[in-house]
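Working notes, beginning with the structure itself.
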Amino acid sequence: MDANIVKNNERHRAFTLFLVYLASTTPKNNLMRILLFLLLSLFVMLSACRNGGQSGNGKQESGVEHVDTTLKATAIFWVDKEKNVYSKQKRDPLPVRTVKAKVNIFTTGRVEVLSYVKPQSKQLEKYMQERLEVFRVAKVMLDSGYVKPGEQYVQLRYMPQKMRQ
């Protein structure tokens with residue numbers, strides 16, 4: 001039998017036993033029983049609707065399997081770090097932009113851009129190259145395993161007004 005059918009049969013059996021229990025008890029705590037019944041029926045409906053449109057094998061009913069092609073970033077690096085971004089002197093927050101790139105992270109913490117996911121302007125590529133010459137991944141992040149050396153996709157965050165200076 002299919003795993004979903006077995007789960008549904010178990011849910012229906014539990015629901016039936018609960019209804020028998022409600023019918024056999026005295027009407028002493030009716031409000032509590034009604035609330036419990038409503039919560040249980042809501043749970044059964046939500047659990048039945050959770051797999052809406054999909055069969056047990058992960059394919060949609062139309063026979064087309066959905067494949068997620070979005071590249072996931074393993075880390076976010078702030079290449080323009082400014083300590084007083086939101087200081088009291090500056091009333092407006094500074095704009096921040098994010099670029100997703102395939103990079104090579106060395107064990108020393110140096111980051112080298114191999115390619116960008118979306119095409120970028122030459123000015124931005126030059127600016128990122130200059131910033132990444134100075135930028136290093138913290139040794140703590142490398143030692144803890146949060147960031148692993150090697151090729152991976154990351155998000156590089158920068159401030160456009162610093163690029164113009």
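Below, the figures for the structure above:
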item: Members of the range 98-119 that are open to solvent by 60 Å² or more (accessible area, probe 1.4 Å) and more than 17 Å from Lys72 (Cβ to Cβ); result: Phe106, Thr107, Thr108, Arg110, Glu112, Pro119
item: First in the range 132-146 and part of a helix (DSSP H, G or I), second anywhere and of a type in the set (A, V, I, L, M), Cβ under 7 Å, 6 or more apart; result: Leu132/Val79; Leu132/Val111; Leu132/Val113; Met141/Val147
item: Qualifying positions in the range 30-54 - modelled with pLDDT under 65, open to solvent by less than 90 Å² (accessible area, probe 1.4 Å) and more than 18 Å from Glu10 (Cα to Cα); result: Gly52, Gly53
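The values are calculated or read from the model by the stated rules, or taken from the named source; none is laboratory data. The structure presented is a predicted model; accordingly, all values stated were derived computationally and were not measured. Positions of Cβ are backbone-derived with ideal geometry, glycine not excepted, and every protein chain shown enters the neighbour counts. The area values use the complete protein model at the heavy-atom level, side chains included, leaving out ligands, DNA and RNA. Shrake-Rupley method; radii C 1.70, N 1.55, O 1.52, S 1.80 Å.
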